[in-house]
Every structure is written in structure tokens, then in C-alpha cells.
Amino acid sequence: MDQGAIIDQLEELAERFGIQIRYEPIKQDEDLVKIVGGLCLLRGEYVLIIDSKAAISDKIRTFAEALRHFDLDQIYIKPALRELLEKVATFLRHEQAVTGEENI
């Protein structure tokens, strides 16, 4: 599955959970941590903001990180996409364990 198709499927999945997706240019300061986007709750609605200039792999990771907050077991997800989401979740858990960061 190509990355464009993955993004399309992730967008569809996010929308099934009622997540509004916004692609916005996020101004980056070279000296600061790179921000690709994230999930927020705005006026009672979930909004996923993704840097429109980010690499497609970063966009996929941002989707996967946001979708971890929802119960993915309750809906059908194509097996290849479910496997990708599980791999990213495992990677993020490992990364958090190494850096000592907590999941919010």
C-alpha cells in the first residue's frame, strides 16, 4: 500500500471517530523541537492539526498517534492499516519508555 493510500485511509478512519482534520502550515523555529501536529479538543470537538508541509511519513505518525486515544477494536479496520497502527503504537510506547515522557 502506498503512502498516499495510507493517508486516505487514516483520514477516513479519523472522520469515523468524528475527528475534524486540518492541514495547516506550522511555523517552525530551527532551534526548537519540530512540531508536526497533534490532536486537540476544541469546543467539545476533536480536531487533528497536521503541518501541511510535513513529510508524509510524519503525517502518518501524527495520525497514528492521535488515533491511539480511540478504541480501534470496536470498528473494522483493514488488516494492513491495523498492523501499521499497531507498529507505530509499539514504537511510540518504546520511545516514551526510553525518553521518560508520559503519554497525555
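Quick note: the coordinates plus some simple rules give every number you see, no bench work behind them. Quick caveat: nothing in here was measured; it's all calculated off a predicted structure. Here the Cβ is made from the backbone with ideal geometry for all residues, glycine too, and neighbour counts use every protein chain on show.
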### Query
How much net charge surrounds residue 59 when only the other residues with a Cβ under 14 Å from the Cβ of residue 59 are counted, with Lys and Arg +1 and Asp and Glu -1?
-3
### Query
Could you name the lysines in cross-link range of residue 78, using Cα to Cα under 18 Å and dropping any fewer than eight places away on the same chain?
87
### Query
At q = 0.23 Å⁻¹, what base-10 log of I(q)/I(0) does the Debye formula yield for the chain when every alpha carbon is treated as an equal point scatterer in vacuo?
-1.45
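Under the 0.36 nm per residue contour assumption, what length would be gained going from the current alpha-carbon distance of residue 52 and residue 28 to full extension?
Values: separation 24, 0.36 × 24 = 8.64 nm, distance 1.21 nm.
Once the chain is fully extended between residue 52 and residue 28, it gains 7.4 nm.
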